[in-house]
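The values are calculated or read from the model by the stated rules, or taken from the named source; none is laboratory data. Just so it is clear, the model here is predicted, and its values are computed rather than measured. Because the Cβ atoms are built from the backbone with ideal geometry, glycine has one as well, and the counts that use them run over all protein chains shown. The protein model used for the area step is the full one, side chains on, heavy atoms only, and it has no ligands, DNA or RNA in it. Shrake-Rupley method; radii C 1.70, N 1.55, O 1.52, S 1.80 Å.
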Amino acid sequence: VSTQSTGLILHNFIMRIIHLTTALRRPFQKKSISTTAEYSSTNATKDWSPAFFFPDTITKLPTFTSTFSLIITNGPLPRNLSRLWDSASIKICADGGSNRLADLSLNSSLLIPDFIKGDFDSIRPEILNLYKNKGVKIIHDLDQDTNDLQKCFSLLNDLTERSSHVVVVGAYGGNRSQEWSNFNCMYIHQDRPMFLIDDLNVIFLLRTGKHVIRSPIYPQKCGLIPLGWPCKFIKTTGLQWNLNGSMGFGSLISSSNLMINDTVEIETSDPVLWTFDFAV
């Protein structure tokens, strides 16, 4: 075989590889572009009215018409726990959250959850026995690739519709790494409307798409924080400092913003955390 023929064969081989690589990449690029467009055009606007979960220091709070499940984790519990407890359809303690609940005296009576689930590295033995004797369903889950909040979510997925609301108390204010693990749980289970609550904050995740947030209390301090990766595009109305562009760590995040109307409208290309901040 001549040198010229060998060169031609090699050239043709390389060109076929290039064409094949391009063909394999093209469907993925087309799909990734069309997915975003399809989501924004076919999904309805999500309406949020979370004022029922605001701290008890705010008077004349509205009722919450939807049912919700309550998860107690191992952090400081809010003062409005009694109101949340009375309205919740299912109550679950995540491991050490059982200690917090047992140590808390509301009307001098012990609050009895429906379930306790976790790897039980935090719950005190006497508390475990106390609730077991009260008929609480105990679920020992040794999986070390999930935290206790995620374990409780797997239980909820078996008990309730994935579209039903979840309220989590004790999710922050203690172990910082656990706080971020709880935010990660929010991201993993973003198909569920989920609220993280303490005395100073109400936090929930806005999925890709359009949202309306309503509050009878304004002006009210708030924030928008990208979660998972940078937000390529976000647009808002109803804030003191409205957004119209990209957002991400290393550039812009919207902390200490202000809700100046009773309604805020948001359109986002990527998941972002919305925060209500009630700190003085």
Problem set entry | Residue match in the stretch 142-152 (condition: open to solvent by less than 20 Å² (accessible area, probe 1.4 Å) and charged (D, E, K, R)) | yes
Problem set entry | Selected residue [touching a residue at least 12 places away in the same chain (Cβ under 8 Å), open to solvent by 50 Å² or more (accessible area, probe 1.4 Å) and not in a strand (DSSP E or B)] from D158, D191 | D191
Exercise. Just a yes or no: is a residue in the stretch 125-147 of a type in the set (S, T, Y) and touching a strand residue (DSSP E or B) at 6+ places or on another chain (Cβ under 9 Å)?
Worked result: yes
Seminar exercise, completed: Note on S215: of the conditions (1) touching a residue at least 40 places away in the same chain (Cβ under 8 Å); (2) open to solvent by 80 Å² or more (accessible area, probe 1.4 Å), unmet is (2)
Problem set entry | Test for S164: is it open to solvent by 20 Å² or more (accessible area, probe 1.4 Å), over 21 Å from L81 (Cα atoms) and touching a residue at least 12 places away in the same chain (Cβ under 8 Å) | no
For this session: Go through R83, R100, R79 for me and flag whichever is outside any loop (DSSP other than H, G, I, E, B), touching a residue at least 60 places away in the same chain (Cβ under 8 Å) and open to solvent by 30 Å² or more (accessible area, probe 1.4 Å).
Result: R100
Problem set entry | Odd one out for T236 among (1) surrounded by fewer than 17 Cβ atoms within 10 Å (Cβ to Cβ); (2) in contact with a Leu (Cβ under 8 Å, 6 or more places away or on another chain) | (1)
Problem set entry | Enumeration of residues in the stretch 170-188 that are open to solvent by less than 70 Å² (accessible area, probe 1.4 Å), assigned to a loop (DSSP other than H, G, I, E, B) and either closer than 16 Å to D95 by Cα or at pLDDT 85 or above (or both) | G170, A171, Y172, G174
